[in-house]
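Take a look at the structure below.
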Amino acid sequence: MHHIHLTEGLRLRFPARSVDFDQGVEVGMLATLMSQDVVEFSRRISKANLGQVRAVAEQFGYRLVEGAPAEDCVELTFYSRAARPRLRVVQSGA
């Protein structure tokens with residue numbers, strides 16, 4: 001059974017449902033966030049859903065950065081392509 005990551009410290013699971021149902025909920029939740037034009041967010045998703053999530057993110061104009069995988073999940077950070085990049089001042093140590 002897969003735990004669906006909603007936000008830090010909050011996960012859902014559906015013990016009486018199939019893996020397909022879990023994956024559908026996971027993609028639906030991410031699509032909802034992307035449709036609200038959230039500039040940046042991170043979620044842990046099932047590795048099995050990675051291809052579908054990439055396709056949905058592309059359609060919504062998001063780019064993905066993969067974090068470290070853990071067990072059957074991977075941490076993804078979603079960045080809106082419409083958002084301007086954040087610049088920061090870097091000082092050299094010389």
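The values are calculated or read from the model by the stated rules, or taken from the named source; none is laboratory data. Because the structure is predicted, anything quoted here is derived from the model rather than measured. Neighbour counts are summed over all protein chains in view; Cβ atoms, including those assigned to glycine, are modelled from backbone coordinates with ideal geometry. What goes into the accessible areas is simple: the full protein's heavy atoms, side chains included, and nothing from ligands, DNA or RNA. Shrake-Rupley method; radii C 1.70, N 1.55, O 1.52, S 1.80 Å.
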(request) Please give the FRET efficiency for Phe41 paired with Gln91, using the beta carbon to beta carbon distance and R0 = 25 Å, rounded to the nearest 0.05. (result) 0.25
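What share of Cα pairs, in percent, lie more than 14 angstrom apart in segment 28-94?
60
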(request) Would you mind getting the accessible area per residue of segment 25-94, heavy atoms of the protein chains only, 1.4 Å probe, in Å²? (result) 68
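Hey, can you rank 49-62, 27-40 by average C-beta count inside 10 Å, highest first?
On the way: 49-62: 16.1, 27-40: 13.8.
Result, highest mean Cβ count within 10 Å first: 49-62, 27-40.
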